[in-house]
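To start, the structure itself, in structure tokens.
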Amino acid sequence: MIEFDRDFVMTINGRSVASNNAFPVYNPANRRAFANAPDASREQLDDAVSGAAAAFESWRKEPYAVREKALNAMADLMEANAAEFMALLTREQGKPKAGAEWEVFGSIHWCREIAKQRLADEILEDTDARRVVTRFAPLGVVGGITPWNFPILLAIWKIAPALISGNTMVLKPSPFTPLCTLKLGELMRDELPAGVFNVVSGGDDLGKWMTAHPGISKIAFTGHTETGKRVMQSSAGTLKRLTLELGGNDPAIVLPDVDAKAVAPELFWAAFQNNAQFCNATKRLYVHEDIYDDVLKELVEYAKTVKVSDGAEDGAQLGPIQNAPQYEKVMDYFEDCKKNGYRFAVGGDIDNSAQGWFIPVTLVDNPPEDSRIVQEEPFGPILPVLKWRDDADVVRRANDTPYGLGASVWGKDLERVARIGEQIDAGTVWLNEIHMYSPGQTFGGAKESGIGYENGVAGLKGYAQAKTITINKQPKF
Ligand code: NAD
């Protein structure tokens with residue numbers, strides 16, 4: 001029986017490992033530290049990597065069925081402990097119960113579905129004379145590095161494809177939300193051969209050591225674009241394979257033919273789900289000028305009905321900001337808006353004396369296109385609502401960003417919706433819906449939103465080395 005409220009330890013080469021140093025983990029709803037997580041030393045990382053490297057030799061030879069069974073066991077254990085995971089997730093991350101449930105059950109679903117995926121041989125030629133086949137061989141030890149916004153789900157998006165394709169893993173969660181991931185490692189200790197799945201916790205330095213580590217073949221990273229660039233630089237020394245899932249500044253474009261009242265809740269949640277601490281959150285809302293006032297009014301009305309509170313409270317729909325540096329960062333966008341005289345249609349005043357890192361849902365009424373709130377990724381509940389008139393112009397504005405993670409277009413005229421959507425440079429474009437993902441659906445960022453993919457065959461191939469074998473069956477010797 002695993003306790004979810006104490007004994008947070010690492011899993012290294014099949015063993016429970018504490019550390020000489022530890023760091024506090026805070027509940028963002030009250031700013032109080034409630035647990036400590038081990039701060040891994042370099043030697044402990046080395047142990048994890050060498051354990052994973054040793055385990056790779058046999059794990060890579062296991063048939064898919066064995067690896068699928070292990071991932072199904074992971075899903076079953078998460079399901080059996082779902083209530084505990086959800087409570088701990090709310091406590092360390094801040095998200096309300098519904099969000100925690102979505103994340104935990106989403107993780108279980110992903111684990112089971114990715115477990116069924118296969119990298120089949122590709123036979124290019126097979127005659128009496130020759131055979132040419134491309135196989136997909138595992139890479140070795142994969143280093144997984146995750147952020148704090150969806151700590152369990154984004155870990156599973158890495159663990160499941162890495163393990164099913166025959167790699168072993170060393171996973172490092174964000175220092176702000178390490179606890180659920182540590183518990184996942186503990187749960188799997190008896191289910192997997194020692195060394196196949198290691199969980200280490202620590203600060204950003206641990207991430208740096210991983211990216212430079214000669215024993216790690218690939219880094220699967222989710223986080224900020226600027227951190228992603230540092231990961232790439234550091235990984236260059238050993239030419240590691242990389243999957244980088246980075247920041248976004250997703251536009252949503254609303255056509256003039258929509259019903260303002262009906263679309264408002266959808267647009268609201270497109271932007272504010274997970275308290276807008278979401279890579280794919282709508283971060284710029286472009287509303288056609290003919291319906292701008294109506295949509296803004298409906299959004300304001302809807303925003304007033306949404307309950308922001310401690311995620312553990314019944315009825316909470318949005319929780320606090322997850323951590324102190326992020327809170328400071330979001331506050332800075334409020335200051336910038338105030339300094340420049342932008343109008344808040346709703347929200348705008350932060351009560352700094354609140355128990356937790358709470359920020360009210362805020363809409364900024366048509367700020368200039370070159371303002372920071374439009375150009376940057378606040379990663380908090382402050383959304384610029386912008387006017388547009390001309391299709392070509394709104395497409396240009398939507399694409400005028402170094403990011404290219406996602407986008408959405410909303411309207412009744414499906415041809416126009418599709419025409420606009422096709423012109424947006426982004427990894428995922430949703431038309432008349434948003435945030436629809438699936439384990440089989442390729443996900444990844446264009447431009448500075450990332451390199452490589454997660455999910456689908458493209459995601460799985462990122463965990464493999466293509467190995468082409470040709471044979472001349474009729475040698476003349
Ligand atoms: P972050 O970049 O600060 O941290 C992410 C992880 O990287 C953490 O585990 C951190 O300890 C580690 N890290 C920090 N510095 C490192 C370094 N130099 N080398 C190696 N590892 C290092 O990001 P965050 O604040 O945790 O997450 C928010 C960001 O993540 C946002 O930009 C968001 O858009 C992005 N994100 C992207 C996706 C996606 O799929 N594209 C999904 C979720 C979040």
(message) Restricting to the stretch 418-477, give me the number of residues that are assigned to a helix (DSSP H, G or I) and open to solvent by 80 Å² or more (accessible area, probe 1.4 Å).
(response) 3
(request) From the list 33, 83, 75, 65, pick out the single residue that is open to solvent by less than 50 Å² (accessible area, probe 1.4 Å) and either part of a helix (DSSP H, G or I) or not aromatic (Phe, Trp, Tyr) (or both). (result) 75
(request) Go through the stretch 182-209 residue by residue and tally those that are more than 10 Å from the ligand (Cβ to nearest atom), open to solvent by less than 30 Å² (accessible area, probe 1.4 Å) and of a type outside the set (Lys, Arg). (result) 12
(message) Condition first: outside any helix (DSSP H, G or I) and open to solvent by 60 Å² or more (accessible area, probe 1.4 Å). Now tell me which residues in the stretch 93-124 satisfy that.
(response) 116, 118, 120, 121, 122, 123, 124
(request) Would you mind stating whether residue 306 is more than 15 Å from residue 384 (Cα to Cα) and in contact with a strand residue (DSSP E or B) (Cβ under 7 Å, 6 or more places away or on another chain)? (result) yes
(request) Those residues that are of a type outside the set (A, V, I, L, M, F, W, C), away from the ligand (no atom under 16 Å from the Cβ) and either in contact with a strand residue (DSSP E or B) (Cβ under 7 Å, 6 or more places away or on another chain) or farther than 18 Å from residue 445 by Cβ (or both), I need them from the stretch 374-406; list them, please. (result) 384, 387, 389, 390, 391, 393, 396, 397
(request) Assess whether residue 212 counts as being hydrophobic (A, V, I, L, M, F, W, C), farther than 26 Å from residue 152 by Cβ, open to solvent by 40 Å² or more (accessible area, probe 1.4 Å) and within 14 Å of the ligand (Cβ to nearest atom). (result) yes
(request) Confirm whether residue 145 is under 22 Å from residue 38 (Cβ atoms), among the β-branched types (Val, Ile, Thr) and within 16 Å of the ligand (Cβ to nearest atom). (result) yes
(request) Scan the stretch 443-470 residue by residue and report those that are closer than 22 Å to residue 429 by Cβ and among the hydroxyl-bearing types (Ser, Thr, Tyr). (result) 449, 453
(request) Scan the stretch 367-406 for residues that are farther than 17 Å from residue 225 by Cβ and surrounded by 19 or more Cβ atoms within 10 Å (Cβ to Cβ) and jot them down. (result) 367, 373, 381, 382, 383, 384, 385, 386, 388, 394, 395, 398
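Any residue that is open to solvent by 60 Å² or more (accessible area, probe 1.4 Å) and under 17 Å from residue 4 (Cα atoms) - is there at least one of those in the stretch 133-145?
no
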(request) Residue by residue through the stretch 235-271, note down the ones that are open to solvent by less than 40 Å² (accessible area, probe 1.4 Å), within 13 Å of the ligand (Cβ to nearest atom) and more than 20 Å from the chain's Cα centre (by Cα). (result) 235, 240
(request) Quick one: residue 348 ticks every box in (1) touching a Cys at 6+ places or on another chain (Cβ under 9 Å); (2) surrounded by 21 or more Cβ atoms within 10 Å (Cβ to Cβ) except a single one, so which number is it? (result) (2)
(request) Could you identify the single residue in 220, 252, 236 that is out of contact with any strand residue (DSSP E or B) (no Cβ under 8 Å at 6 or more places or on another chain), more than 30 Å from residue 1 (Cα to Cα) and modelled with pLDDT of 95 or more? (result) 236
(request) Identify the residue in the stretch 322-341 that is among the aliphatic types (A, V, I, L, M) and open to solvent by 10 Å² or more (accessible area, probe 1.4 Å) and, among all such residues, is nearest to residue 148 (Cα to Cα). (result) 324
(request) Collect the residues in the stretch 147-181 that are open to solvent by 10 Å² or more (accessible area, probe 1.4 Å) and either modelled with pLDDT under 95 or part of a loop (DSSP other than H, G, I, E, B) (or both), keeping them in residue-number order. (result) 147, 148, 150, 175, 176
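The values are calculated or read from the model by the stated rules, or taken from the named source; none is laboratory data. Computed from a predicted structure; not experimentally measured. Positions of Cβ are backbone-derived with ideal geometry, glycine not excepted, and every protein chain shown enters the neighbour counts. For the accessible areas, the whole protein counts, side chains as well, though only heavy atoms, and no ligand, DNA or RNA atoms are used. Shrake-Rupley method; radii C 1.70, N 1.55, O 1.52, S 1.80 Å.
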